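Working notes for the structure below.
The values are calculated or read from the model by the stated rules, or taken from the named source; none is laboratory data. Computed from a predicted structure; not experimentally measured. Using ideal geometry, Cβ is built from the backbone for each residue, glycine included, and neighbour counts are taken over all protein chains shown.
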């Protein structure tokens, strides 16, 4: 396993992440999610604090239940009026990667905040899995090389 690997290594910075503000409306949110092909998107205060996560399901249920399928009216609805089913819980930048692996099992991304609660980016499940996959492959190659070295050392004709 990794010893105290910082999540900074895995961080996709805020500047590279699509997010929305709590005062955006449902239409703006759907448009941004469609453009970026997101199924969930971070919700921020205008001050930069992380509030939670809005999902496609949250938007669909709001259109159905709060706006009785009146799409035109729903598109004008501010996000602050819409319930969120479950928020991706944020972690502080000072945490190490082992502390967020469990969160990444249930979330496509883990929001990362600084000590003031300001959103600074995300760690995606894909980056975590890719990192561990690469590590396993590297260990596999190292183990295979070690086996070859041992065989060479054991056979006199190969050593020459």
- Message: I'd like to verify a number: residues in segment 18-43 that are farther than 24 Å from residue 69 by Cα and surrounded by fewer than 20 Cβ atoms within 10 Å (Cβ to Cβ), how many?
- Response: 2
- Query: residue 103 fails exactly one of the following numbered conditions: (1) in contact (Cβ under 8 Å) with a residue 24 or more places away in the chain; (2) surrounded by 14 or more Cβ atoms within 10 Å (Cβ to Cβ); (3) over 30 Å from residue 67 (Cβ atoms). What is the number of that condition?
  - Reply: (1)
- Looking at (1) surrounded by 12 or more Cβ atoms within 10 Å (Cβ to Cβ); (2) more than 22 Å from residue 30 (Cα to Cα); (3) at pLDDT below 90; (4) more than 14 Å from the chain's Cα centre (by Cα), can you tell me which one residue 129 breaks? (4)
